[in-house]
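The values are calculated or read from the model by the stated rules, or taken from the named source; none is laboratory data. If you're wondering where the values come from, they're calculated on a predicted model, not measured in any experiment. Methodologically, a virtual Cβ is constructed for each residue, glycine included, from the backbone with ideal geometry; neighbour enumeration extends over all protein chains shown.
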Amino acid sequence: YQLGNLIASVNATLQAGIAAHLGGNYAIALALVAGIVAVVIIILTALGMEARGVSFERRRIQPIGAAS
């Protein structure tokens, strides 16, 4: 959670710097940052591990000494 806050805290400064470099155009700065983040998420999702065949059902646990 805190690591996410650390990464997000740079966002406003980054966008302001990009906008200042582009003559004050915050629309392009926002679009660039959003586009880069989207590409990074796509890459991380594509390269991530996929858990195939995993059952998400809960198993019933029988009490000790219960007849089966």
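Here is how the numbers come out for the structure above:
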item	result
Residue in the range 46-66 that is at pLDDT 95 or above and in a helix (DSSP H, G or I) present	no
Matching residues, the range 1-27, being part of a helix (DSSP H, G or I) and more than 22 Å from the chain's Cα centre (by Cα)	Ala16, Gly17, Ile18, Ala19, Ala20, His21, Tyr26, Ala27
Where a residue in the range 6-21 is surrounded by 13 or more Cβ atoms within 10 Å (Cβ to Cβ) and its partner, wherever it lies, is modelled with pLDDT of 90 or more and not in a helix (DSSP H, G or I), with Cβ under 8 Å and at least six apart	Ala19/Asn25
